[in-house]
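To keep things clear, I will list the structure first and then write my remarks on it.
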Amino acid sequence: MARKMLIDGELSTPSEDVIQYDFDLFVIGAGSGGVRASRMSAKHGAKVAVCELPFDPISSEVVGGVGGTCVIRGCVPKKILVYGASYGGELEDARNYGWELNERIDFNWKKLLNKKTEEIIRLNGIYKRMLSNSGVKLFEGEGKIIGPNEVEVTQLDGTKLSYLAKHILIATGSRAQRPSIPGKELSITSDEALSLDEFPRRVVILGGGYIAVEFASIWRGMGATVDLCYRKELPLSGFDDEMRTVVAGNLEGRGIILHPGTNLTELVKTDDGIKAITDTGKELTADVVLFATGRKPNTGRLNLDSVGVKLDNIGAIKVDEYSRTNIPSIWAIGDVTNRMNLTPVALMEGTFFANTVFGGNPTKPDYTNIACAVFCIPPLSVVGLSEEQAIEQAKGDVKVFTSTFNPMKNTISGRQEKTIMKLIVDAETDKVLGASMCGPDAAEIMQGIAIAFKCGATKAQFDSTVGIHPSAAEEFVTMREVSRTISKSK
């Protein structure tokens, strides 16, 4: 609650125009969304502060660091490892392109790890400078809410400082979680996976989402034996089923051992490593067991109950279409709200929050046609509706166009791995409803396709676009034959 003041001889809560706020905005969490909201709000003239825990660049024990999950222990370091893993396949393919690789080639995990650490330290410094250059005050410590307009920051030495702010923005993101099975303390999450002291030669991964398939590709690309266990028949639930099948085939083709319809029931420490016991009766032995079983919003230590901020059943903060909570002075963006948990979405929400609260331009985030990618090897990228979603949502018939081909590079290297592209089209309006691609450079290509989606492109406009030859991307503008039509007529 706001501090009491003596007004007309009585102790009472002052009205807003009497309160002397320390800041116009206090942001808890300096990840991608929090930093963007802080900078944009300051640009609009607000006096802004942000708090975030510091981080140890060598350890993943403390969930903190300016830059947040994406920069410190998420998208950026993971993509660096994906690049590193990709060279394994590239070196194999190079032989048929005339590269004589006669000498033994070793992979140095620690060298890559050091390079990765150097990069996140550099980026952490850049994010700090961006805040400073924008006039944003950074407090290093843990923040919690002790009133609708008051934040308490606990510094590393235990000192507690409190600040009054006209608006409070929560941008604390999410954290990895482990299923409660016997021996779960023997497992790691994606946080620790990015900072392992030794390269694991045998890996068991539980999960079928982004993180699971990406780390499976990373470790297998570097030479590890990888067992991937997931409960569904295919990985990547929620994506287009045809694309899920292709990804599963590619993972298997790269040497990853798939265990569909499988869960882990217990982990046991043995002299030979960690024994992972499955519910199908199999026992897998590993040096590392990764639990990639989802993430949970970081709301547990914010003291939200005391001020009445409403949460949903998984602990995510409930917000309206402008990112405002049920407490008018408190807002929330990013993964902590569990709307669409992508870094660029948090950036959008942070920008629109600043426009709404301090820019005089109330703006609602638009979640339609947001492209995304899964950086398995090769990657999957999509925008718009999957075939299953289109069938469910479209009012009329749906046309499906597909192109499956052997990438030109593979015709020489000999790698047996197809690229597949797909367009979903509304038969009546000719509007393109969805696009998917699994193959090299999928994310780079899909970013351009996403622009066309924002413009409401039709299949005829795709067809009238001249392709770049020879490229994989040109297939998106040369698909002429309908693979199938799904009729919704009775």
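Restricting attention to the stretch 432-457, which residues are touching a residue at least 12 places away in the same chain (Cβ under 8 Å), surrounded by fewer than 16 Cβ atoms within 10 Å (Cβ to Cβ) and not in a helix (DSSP H, G or I)? Within the stretch 432-457, just Gly456 meets the criteria. Restricting the stretch 155-175 to residues that are of a type outside the set (A, V, I, L, M) and under 30 Å from Ile211 (Cβ atoms), the residue that is farthest from the chain's Cα centre (by Cα) is Thr172. Between Phe139, Phe107, the distinction of being assigned to a loop (DSSP other than H, G, I, E, B), at negative phi and in contact (Cβ under 8 Å) with a residue 24 or more places away in the chain belongs to Phe107 only.
Regarding Ile486, is this residue under 15 Å from Cys372 (Cβ atoms) and surrounded by 13 or more Cβ atoms within 10 Å (Cβ to Cβ)? So Ile486 does not fit the description; no. Checked against the criterion of being modelled with pLDDT of 95 or more, part of a helix (DSSP H, G or I) and under 30 Å from Ile327 (Cβ atoms), the stretch 112-127 contains one or more residues that satisfy it. Quick check, is Ala37 touching a strand residue (DSSP E or B) at 6+ places or on another chain (Cβ under 6 Å), part of a loop (DSSP other than H, G, I, E, B) and not charged (D, E, K, R)? Considered against the rule, which asks whether it is touching a strand residue (DSSP E or B) at 6+ places or on another chain (Cβ under 6 Å), part of a loop (DSSP other than H, G, I, E, B) and not charged (D, E, K, R), Ala37 comes out as no.
Pick from Glu233, Glu192: which is in contact (Cβ under 8 Å) with a residue 40 or more places away in the chain, surrounded by fewer than 23 Cβ atoms within 10 Å (Cβ to Cβ) and either closer than 19 Å to Glu283 by Cα or not small (Gly, Ala, Ser) (or both)?
Numbers: Glu233 fails: in contact (Cβ under 8 Å) with a residue 40 or more places away in the chain.
Only one candidate qualifies: Glu192.
Of all residues in the stretch 204-220, those that are surrounded by 24 or more Cβ atoms within 10 Å (Cβ to Cβ) and either in contact with a Ser or Thr (Cβ under 6 Å, 6 or more places away or on another chain) or part of a strand (DSSP E or B) (or both) total 3.
Does the stretch 277-297 include one or more residues that are assigned by TED's automatic domain parsing to the domain that holds Ala30, at pLDDT 95 or above and over 27 Å from Leu342 (Cα atoms)? Looking through the stretch 277-297, none of the residues is assigned by TED's automatic domain parsing to the domain that holds Ala30, at pLDDT 95 or above and over 27 Å from Leu342 (Cα atoms).
Please determine whether any residue of the stretch 410-426 is of a type in the set (Val, Ile, Thr), farther than 20 Å from Glu214 by Cβ, crowded, with 17+ Cβ neighbours inside 10 Å and under 26 Å from the mean Cα position of the chain (by Cα).
Residues of the stretch 410-426 of a type in the set (Val, Ile, Thr): 411-412, 419-420, 424-425.
Applying the additional criterion that residues be farther than 20 Å from Glu214 by Cβ yields 411-412, 424-425.
Filter again for crowded, with 17+ Cβ neighbours inside 10 Å, leaving 424-425.
Still in the list and also under 26 Å from the mean Cα position of the chain (by Cα): 424.
Checked the stretch 410-426: at least one residue is of a type in the set (Val, Ile, Thr), farther than 20 Å from Glu214 by Cβ, crowded, with 17+ Cβ neighbours inside 10 Å and under 26 Å from the mean Cα position of the chain (by Cα).
The residues in the stretch 355-399 that are touching a residue at least 40 places away in the same chain (Cβ under 8 Å) and among the acidic types (Asp, Glu) can be counted, and the count is 3.
Among residues of the stretch 55-70 that are farther than 12 Å from Asp191 by Cα and at pLDDT 80 or above, those with a beta-carbon under 9 Å from a residue that is surrounded by fewer than 20 Cβ atoms within 10 Å (Cβ to Cβ) and acidic (Asp, Glu) at least six positions away or on a different chain give the pairs Gly65/Asp56; Val66/Glu140. In summary, Gly249 fulfils each of the numbered conditions (1) assigned to a helix (DSSP H, G or I); (2) crowded, with 19+ Cβ neighbours inside 10 Å; (3) of a type in the set (Gly, Ala, Ser) with the single exception of condition (2).
In the stretch 390-397 there is at least one residue matching the filter, namely being of a type in the set (Asp, Glu) and more than 24 Å from Pro179 (Cβ to Cβ). Remark: Asp335 matches the filter, which requires a residue to be in the same structural domain as Ser162 (by TED's automatic domain parsing), surrounded by 16 or more Cβ atoms within 10 Å (Cβ to Cβ), outside any loop (DSSP other than H, G, I, E, B) and on the phi < 0 side of the Ramachandran plot.
Taking the stated definitions as given, is Lys269 among the basic types (Lys, Arg), loosely packed, with under 15 Cβ neighbours inside 10 Å and outside any loop (DSSP other than H, G, I, E, B)? Steps first, please.
Values: among the basic types (Lys, Arg): yes; loosely packed, with under 15 Cβ neighbours inside 10 Å: yes; outside any loop (DSSP other than H, G, I, E, B): yes.
Yes: the conditions hold for Lys269.
With respect to being in a helix (DSSP H, G or I) and farther than 25 Å from Asn250 by Cα, Phe476 falls outside the description. Among the residues of the stretch 2-34, which ones are modelled with pLDDT under 50 and either out of contact with any strand residue (DSSP E or B) (no Cβ under 9 Å at 6 or more places or on another chain) or assigned to a strand (DSSP E or B) (or both)? If the condition is that a residue be modelled with pLDDT under 50 and either out of contact with any strand residue (DSSP E or B) (no Cβ under 9 Å at 6 or more places or on another chain) or assigned to a strand (DSSP E or B) (or both), then Met5, Leu6, Ile7, Asp8, Gly9, Glu10, Leu11, Ser12 are the ones that fit. Residues in the stretch 173-203 that are over 19 Å from Val76 (Cβ atoms), assigned to a loop (DSSP other than H, G, I, E, B) and not aromatic (Phe, Trp, Tyr): Gln177, Arg178, Pro179, Ser180, Ile181, Pro182, Gly183, Ser187, Asp197, Glu198, Pro200, Arg201.
The values are calculated or read from the model by the stated rules, or taken from the named source; none is laboratory data. The model shown is predicted, which means the values in this text are computed figures rather than measured ones. Don't worry about glycine lacking a Cβ; one is built from the backbone with ideal geometry, like all the others, and counts go over all protein chains shown.
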